[in-house]
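Take a look at the structure set out below.
The values are calculated or read from the model by the stated rules, or taken from the named source; none is laboratory data. Everything quoted here is computed from the prediction, not taken from an experiment. For neighbour counting, all protein chains shown are included, and Cβ atoms are generated from backbone atoms with ideal geometry for every residue, glycine included. Please note that ligands, DNA and RNA were not included when accessible areas were found on the heavy atoms of the full protein model with its side chains. Shrake-Rupley method; radii C 1.70, N 1.55, O 1.52, S 1.80 Å.
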Amino acid sequence: MSAAALAALPLQTHRRLRRLVECDDPAITFRRIVAGEKVIPGVDDRVWHAWRNAAGLDEVMAQRCELHGISVVHILDDHYPEAIAGDREVPPVLFYKGDLSVLRRRCVGIIGTRTASLSGCNFARSLGRDLSANGVAVVSGLARGIDVHAHRGAFDDPAGTPVAVVVSGLDVIYPPEHGLDWDEVVGRGVLLSESPPGTAPETHRFPLRNRIIAALSGVLVVVESRARGGSMITVREAMKRDITVMAVPGSPHSPVSDGTNALLKDGCAPVTDVVDVMVALGLSDGGVIRTVDTRDVPTTEEREVLVACSSRPVTVDELVITLGRSVFETGVLLGRLELKGWVQHVNGWWEALT
């Protein structure tokens, strides 16, 4: 657990950590540091002072990892995942729970905004499910919105193998309401972090996490994102690595699709179903498994309502004005569409699940 202790040193950065891991066996390096040796050049005296006071940190990390079932691998280990070992900014130390061999599969990253529309979440889930059905591992960050729904799609497939990269230590569930999702990932795939146990989800760790998601992805799909959303950081990291970035077209009236629509204008390929992604991976589109939509087809009248609430969430009053129908008739049509699974409402707002 000396590699874990090196990662947990105060004022640590991933560049310093890589130099420490590469200079000698981590156990030897850690002992030299707490003995007061300056084992690598170019580190400020303030940092060395903090590191010298870290005696016993290796034992603390060992106890925490054992308590929470966390395993540790560093870049000099033979079983460090090949999928990321050659990356330009490879994480020097990875903490994981689950099956690390899942990373040998073809992987697709599915990312997007935390404030996603219901339609966006629905698409992310169906794409995650269809990719899993075709033997592709779904990579995301287990964040609210698009990320977690992509993973839940992978859960829907009996053979789904989700890969989640999180910002906090693997004993600090974030967001807290995703505890069951974390457990599902661990049981069926692998949960990764470069943050040592006990680490809170600090703001500066999110861009670092995003580079790992990009590096693991054979293709990166952005389902919904604002123009300046955090997903764009992952997009930039993917582009640095010449990883194909694809985007799901969204309504021009929806702010959560500003970023994805801009990516399409800049030349990124569109994603309308799983076949688009499988072709981008270099796999044949013949024999691709797709989920069959079993919902009853809307009637002509129901379709008018569905179209009216497809671009953004709307209220019943707005639909009454737009469609020129009575409140009663509009409510009946919405009720039918909801029973068929075509619309959903939250706090008085109706949104199409197309």
Six or more apart or on different chains, Cβ under 6 Å: which pairs go from a residue in the stretch 153-180 that's touching a residue at least 12 places away in the same chain (Cβ under 8 Å) and farther than 21 Å from G120 by Cα to one that's part of a helix (DSSP H, G or I) and among the aromatic types (F, W, Y)? Could you list them? V167/F206
Give the residues of the stretch 7-30 that are under 29 Å from the mean Cα position of the chain (by Cα), assigned to a helix (DSSP H, G or I) and without any contact (Cβ under 8 Å) to a residue 60 or more places away in the chain, sorted by residue number. R15, R16, R19
Tally time: how many residues in the stretch 232-261 are open to solvent by less than 40 Å² (accessible area, probe 1.4 Å) and not in a loop (DSSP other than H, G, I, E, B)? 13
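Of a type in the set (D, E, K, R) and open to solvent by less than 60 Å² (accessible area, probe 1.4 Å): is that true of D25 in this structure? If you could, list the steps in order and put the result at the bottom.
Working: of a type in the set (D, E, K, R): yes; open to solvent by less than 60 Å² (accessible area, probe 1.4 Å): no.
Spelling it out, it is not the case that D25 is of a type in the set (D, E, K, R) and open to solvent by less than 60 Å² (accessible area, probe 1.4 Å).
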Could you please find all residues in the stretch 31-67 being under 13 Å from P196 (Cβ atoms), in contact with a helix residue (DSSP H, G or I) (Cβ under 7 Å, 6 or more places away or on another chain) and not acidic (D, E)? A54, L57, M61, C65
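If I ask for residues that are without any contact (Cβ under 8 Å) to a residue 12 or more places away in the chain and either under 26 Å from A247 (Cβ atoms) or among the polar types (S, T, N, Q) (or both), which ones from the stretch 181-222 would you list?
Taking the stretch 181-222 as the starting set, the residues that turn out to be without any contact (Cβ under 8 Å) to a residue 12 or more places away in the chain are 183, 203-204.
Listed by number, the list holds a single entry, T203.
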Log entry, pairs with first residue in the stretch 88-109 being without any contact (Cβ under 8 Å) to a residue 40 or more places away in the chain, second being among the charged types (D, E, K, R) and surrounded by fewer than 24 Cβ atoms within 10 Å (Cβ to Cβ), beta carbons closer than 9 Å, six or more apart or on different chains, reads R104/E82
Report every pair of residues separated by at least 6 positions or lying on different chains whose Cβ atoms are under 9 Å apart, first residue within the stretch 31-47 and farther than 15 Å from L17 by Cβ and open to solvent by 80 Å² or more (accessible area, probe 1.4 Å), second among the acidic types (D, E) and not in a loop (DSSP other than H, G, I, E, B). R31/D58; K38/D45
Restricting attention to the stretch 308-341, the residues that are within 18 Å of G250 (Cβ to Cβ) and touching a residue at least 40 places away in the same chain (Cβ under 8 Å) number exactly 5
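Of the residues in the stretch 49-58, how many are part of a helix (DSSP H, G or I) and either surrounded by fewer than 17 Cβ atoms within 10 Å (Cβ to Cβ) or under 27 Å from the mean Cα position of the chain (by Cα) (or both)? Let's see the steps before the verdict.
In the first step, residues of the stretch 49-58 are kept if they are part of a helix (DSSP H, G or I); the result is 49-52, 57-58.
Filter once more, keeping what is either surrounded by fewer than 17 Cβ atoms within 10 Å (Cβ to Cβ) or under 27 Å from the mean Cα position of the chain (by Cα) (or both): 49-50, 52.
Number satisfying all stated conditions: 3.
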